[in-house]
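The values are calculated or read from the model by the stated rules, or taken from the named source; none is laboratory data. Only a predicted model underlies this, so the values are computations on that prediction, with no experimental measurement involved. Here the Cβ is made from the backbone with ideal geometry for all residues, glycine too, and neighbour counts use every protein chain on show. Side chains are part of the model used for accessible areas, which takes the heavy atoms of the whole protein and leaves out ligands, DNA and RNA. Shrake-Rupley method; radii C 1.70, N 1.55, O 1.52, S 1.80 Å.
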Amino acid sequence: MQPHSIDTDNLSLGEYLREIRLQKGLDLEAVAEGTRIAPKNLQAIEESNFAALPAEVFARGFYALYAKCLALDPDEILEMYFNQVPYGGTTW
């Protein structure tokens, strides 16, 4: 379910989320307020800086919350996360 006209083949998950956020006219502070995720963690997500994120269980929660905030399917976003995270991620 990707109704947004963004070519995800050439974007990292972080770039994709940033593009959706910008299309919706949201800044990081608004997303931080809506999700209660610290702006530094949102920035790490958008930069695909997995090493800067906390433990994976928290990172998965952050991605799911961010997806919901952007009206995206959290399961699809988590699938993208598991496909891109360098340490392979784990299934839940």
Residue check for Ala67: within 15 Å of Tyr16 (Cβ to Cβ) and either in a helix (DSSP H, G or I) or among the polar types (S, T, N, Q) (or both): yes
- request: Kindly indicate whether any position in segment 62-76 is modelled with pLDDT of 95 or more, surrounded by 15 or more Cβ atoms within 10 Å (Cβ to Cβ) and among the small types (Gly, Ala, Ser).
  value: yes
- prompt: Mind checking whether some residue in segment 30-39 is open to solvent by 80 Å² or more (accessible area, probe 1.4 Å) and modelled with pLDDT under 95?
  reply: no
- prompt: Pairs, please: C-beta under 7 Å, at least 6 apart or cross-chain, first residue more than 14 Å from Arg60 (Cα to Cα) and in segment 19-48, second surrounded by fewer than 19 Cβ atoms within 10 Å (Cβ to Cβ) and of a type in the set (Asp, Glu)?
  reply: Pro39/Glu29
